[in-house]
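S.K.: My structure is below; once you've seen it, I'll send some questions.
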Amino acid sequence: MAKNDSCIKRFVKQNMLILLTIGGVVVGVVLGLGLRNVGEETWNQRNVMYANFVGDLFLRCIKAIILPLIITSLISAVGSMDQSMSRKIGGMSILYYMTTTILAVIEGIVLVITIEPGKNMNDENDSVNKQKTNSTTVDTLLDLIRNIIPPNLVQACLEQYQTVLTPPTTNQNEPDLNKWDISGRYITGTNLIGIVATSIAFGVALSAVKNEAHELLVFVQQLSVTVMKVTGWIIWLSPIGVLSLIMAKFLEMDDIGDVFAKLGMYFAVVVCGIIFHGIVVLPTIYFVLTRKNPYKFLANMGQAIATAFGTSSSSATMPVTLQCLETKNNIDTRITRFVIPIGTTINMDGTALYEAVAAIFISQLRGIELTFGNIIALAITATAASIGTAAVPQGGLVTLVMVLDSIGLPSEDVSLIIAIDWLVNRFRAVVNVLGDCFGAGIVEHYSRKDLLNNN
């Protein structure tokens, strides 16, 4: 008995933060649902803001550390490896992320076509405010490439470029967006892909002049260690932060029952697809390629999973992801700090699956039959658009417009699913994080000999 008690105490001590964060998720859901019954007048916008205050502070802390973490991690990781190894690891990472994203799109299409959640459903959502976003898939992809090469690094920390289309003055009713006037603007939001690309470039340069700039490499590595220490302090705020965020989200919903009555089948298909991808497809790929137990690996990522669900952002979860991989799964820091920032930027399995399901659901809702060509176009567009999606809440809605355009559906139909999008976001963030983590594990497995030789 004493031995069992000792084992339990040791387990609790080693996993205290994970248990507290999962507890925060559960308590947040219970409080959110329970407090809704206090009265509709009690939970006005101001009181919901008070409930969300601690969660907002937590998000501010964790977002503030992302840029220092990405920059120092990538430069130190790439700078400590030789250039051939950097190319090998980068190539493996991108190949893995592209493969899993394509698989996620295929899974989503198969599920939604098989189950048909929008078939024979009365469209009761026309009262929702319509929103129109004028943009094309080509413009989105070109903006992605433009943002890889920011003209100003300071600006890249604050803003990202976006193409703007406006109707020609000679014909304000021109329906073809390709004939509209083209301009550009910078919108608020960190240009994460530009920061990642620049950091990798500096890391490669540092690797090339390693002997001449050894002191600089040591400085960046020490700075990275310091940033990770601050990150560790912030992560201990996650239980109460996650609790606050989830509770506030449930409190601000107008009518949970009505939303699920209208969109329950759509929500079920999306979430089932995401869960299947996260706990079956990704672990299977990991097992086939590494011959290691994927569920032990998965269990060690509990803290990152809970944080992703609470924040609904894979980029905001990145500090926690790094810590879990390095301390729980013992992945080499040179791998995690190279692979994870890249994955956070381009790996959007959950978003790709969600966009495929959402587009076909809307077509079913509208009674529009899709041809095989439409479905192929949808798959390609969803894969490409998801790569350009910001890893933040509501980021998928923007690129979903391009997916709808690819199969001839009006972009304002995004409004049909917006009521449930905040909850779907949380599951999308979780599977995006899992994809990043399994990717780091696979890349390390195939790079272990190179890492040992590079020490």
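S.K.: Rounded to the nearest whole Å², what accessible area per residue is found for the chain with the 1.4 Å probe? Kindly include the intermediate steps, with their values, before the conclusion.
M.R.: Values: 20840 Å² over 455 residues.
On a per-residue basis, the chain sits at 46 Å².
S.K.: For the stretch 271-324, which whole-number percentage of the solvent-accessible area (1.4 Å probe, protein heavy atoms only) is attributable to carbon and sulfur atoms?
M.R.: Working: 1270 of 1780 Å².
Using a 1.4 Å probe with all protein chains present, the stretch 271-324 comes out at 72 percent carbon and sulfur.
S.K.: Hey, another quick one. Probe radius 1.4 Å, ligands and nucleic acids ignored: give me the carbon and sulfur share of the accessible area of the stretch 76-115 as a rounded percent. Walk me through the numbers on the way to the answer.
M.R.: Working: 1250 of 1640 Å².
Ligands and nucleic acids excluded, carbon and sulfur give 76 percent.
S.K.: Tell me the mean residue ellipticity at 222 nm calculated for the chain from its helices only (DSSP H runs of n ≥ 4, each -39500 (n - 2.57), averaged over every residue, nearest 500). Before the final figure, lay out the partial values.
M.R.: Details: 19 runs with 323 residues, N = 455.
For the chain, the value works out to -24000 deg cm²/dmol.
S.K.: Given LYS210/LYS449; LYS9/LYS296; LYS249/LYS328; LYS63/LYS249; LYS229/LYS328; LYS88/LYS292, which pairs have Cα atoms separated by over 24 Å?
M.R.: On the way: LYS210/LYS449 21 Å; LYS9/LYS296 20 Å; LYS249/LYS328 30 Å; LYS63/LYS249 19 Å; LYS229/LYS328 16 Å; LYS88/LYS292 22 Å.
Beyond 24 Å between Cα atoms: LYS249/LYS328.
S.K.: Checking a compactness column here: for the chain, what do you get for Rg(Cα) / (2.2 N^0.38 Å), N being the number of residues?
M.R.: Details: Rg = 22.6 Å, N = 455, 2.2 N^0.38 = 22.5 Å.
Here the Cα radius of gyration is 1.00 times the empirical estimate.
S.K.: Taking the mean number of other Cβ atoms within 10 Å as a proxy for protection, how do you rank 210-222, 52-64 from highest to lowest? Before the final figure, lay out the partial values.
M.R.: Numbers: 210-222: 13.6, 52-64: 17.5.
Packing proxy ranking, top to bottom: 52-64, 210-222.
S.K.: If you don't mind, there's one more thing I want to ask. What ranking of TYR186, TYR50, TYR266, TYR161 comes out by heavy-atom accessible area, probe 1.4 Å, highest first? Don't jump to the answer; show the numbers that get you there.
M.R.: Numbers: TYR186 95, TYR50 125, TYR266 0, TYR161 55 Å².
In descending accessible area the options line up as TYR50, TYR186, TYR161, TYR266.
S.K.: Another question, then. Decide, for the stretch 281-355, between rounded, prolate and oblate: order the square roots of the alpha carbon gyration tensor eigenvalues as a ≥ b ≥ c, take rounded if a/c falls under 1.5, and otherwise choose prolate if a/b is larger than b/c, else oblate. Present the calculation step by step, with values, prior to reporting the outcome.
M.R.: Details: a/c = 1.42, a/b = 1.15, b/c = 1.24.
Judged from the Cα gyration tensor, the stretch 281-355 comes out rounded (a/c under 1.5).
The values are calculated or read from the model by the stated rules, or taken from the named source; none is laboratory data. Remember, predicted model here, so these are calculated numbers, not experimental data. So basically every Cβ, Gly included, is an ideal-geometry build from the backbone, and we count neighbours across all protein chains shown. These area figures cover heavy atoms from the full protein model, side chains too; ligands, DNA and RNA do not enter into them. Shrake-Rupley method; radii C 1.70, N 1.55, O 1.52, S 1.80 Å.
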